[in-house]
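In what follows, a structure is listed as structure tokens, so that the remarks can point back to it.
Each value in this text was obtained by applying a stated rule to the coordinates, not by laboratory testing. Small disclaimer: the values here were computed from a predicted structure and weren't measured. Cβ placement follows ideal geometry from the backbone for every residue including glycine, while neighbour counts extend to all protein chains displayed.
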Amino acid sequence: MPPNTVDWILKKVDADVKMIEINKLKGSTSSTLHHNSIQIGGQIKDVVIRQFDNKEWLM
């Protein structure tokens, strides 16, 4: 995942958030999917980020 996307996630979620793990998911055709584990305080949450990056689908 591009560093600017990670920075955006961290800024939007919470001031106290920490990225634990990022894994690219397989099978998407119109976009790229990433599973992200984030920690807010003492709690770990799982989120999926979809990036629409297939130029043919964006037109």
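Taken over the range 3-12, the criterion of being surrounded by 10 or more Cβ atoms within 10 Å (Cβ to Cβ) and under 11 Å from the mean Cα position of the chain (by Cα) is satisfied by THR5, VAL6, ASP7, TRP8, ILE9, LEU10. In the range 13-59, of all residues being in contact with a Phe, Trp or Tyr (Cβ under 9 Å, 6 or more places away or on another chain) and closer than 13 Å to MET1 by Cα, the one that is surrounded by the most Cβ atoms within 10 Å (Cβ to Cβ) corresponds to THR32.
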